[in-house]
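The values are calculated or read from the model by the stated rules, or taken from the named source; none is laboratory data. For clarity, every value in this text was computed on a predicted model and none was experimentally measured. Virtual Cβ from ideal backbone geometry, glycine too; neighbours counted across all protein chains shown. Quick note on the areas: whole protein, heavy atoms, side chains included, nothing else; ligands and nucleic acids left out. Shrake-Rupley method; radii C 1.70, N 1.55, O 1.52, S 1.80 Å.
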Amino acid sequence: MSAGLANPTYVLNAARNADHPAERLKISVTAPSDLVTLCALAGEVDHYTVEVFRRRVIGSLGTAAPLVVLDLSKVTFFGVAGLHVLVDARSVLTQTGRRLRLVTGTRCVDRLLQLSDDLGRFETRTSLADAVLDVA
């Protein structure tokens, strides 16, 4: 018998941690150059994880470079709550003369942008390399 099955507290804590928003959505913010801030997401963006998404993305915009690339290529679910954060981030950046570029390509992200008629309002690329290297 494994240690986890023998210890019900361990199993319960593991189940709780797996359902925590920080476990369902991973976010990394880096600066590959002075011209680009990169925010990469992996996991689910939904009503349950959106505040983690909002805090990390909107919170990083104050010190962001002229171009902010938001890599959504590893997102497995993208709900309307996440779209609201994208709209807010774009608004903050355009007010300060900066740009937001999305790396899309996953069906869940592309479909929501198409259904909401927001696809044309965002600068998008299908590869991270194209998004980061094309700083013009």
Original post:
Condition test on Val52, is it modelled with pLDDT of 85 or more and closer than 15 Å to Val103 by Cβ?
Top reply: no
Original post:
Is at least one residue of the stretch 30-46 part of a helix (DSSP H, G or I) and either buried (at least 18 other Cβ atoms within 10 Å of the Cβ) or among the basic types (Lys, Arg) (or both)?
Top reply: no
Original post:
Looking only at residues in the stretch 71-100 that are charged (D, E, K, R) and under 12 Å from the mean Cα position of the chain (by Cα), which one is nearest to Arg54 (Cα to Cα)?
Top reply: Asp71
Original post:
Quick check, is Arg90 at negative phi, part of a strand (DSSP E or B), surrounded by 15 or more Cβ atoms within 10 Å (Cβ to Cβ) and of a type in the set (Lys, Arg)?
Top reply: no
Original post:
Within the bounds of the stretch 105-117, is there any residue that is surrounded by fewer than 19 Cβ atoms within 10 Å (Cβ to Cβ) and acidic (Asp, Glu)?
Top reply: yes
Subject >> Close pairs (9 angstrom Cβ cut-off, 6 or more residues apart or separate chains): within 16 Å of Val36 (Cβ to Cβ) in the stretch 83-104, among the hydroxyl-bearing types (Ser, Thr, Tyr) and open to solvent by 50 Å² or more (accessible area, probe 1.4 Å) anywhere >> reply: Leu100/Thr94; Val103/Thr126
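Taking into account only those residues within the stretch 30-66 that are over 21 Å from Asp110 (Cβ atoms) and aliphatic (A, V, I, L, M), which is farthest from the chain's Cα centre (by Cα)?
Only one residue tops the list, namely Leu35.
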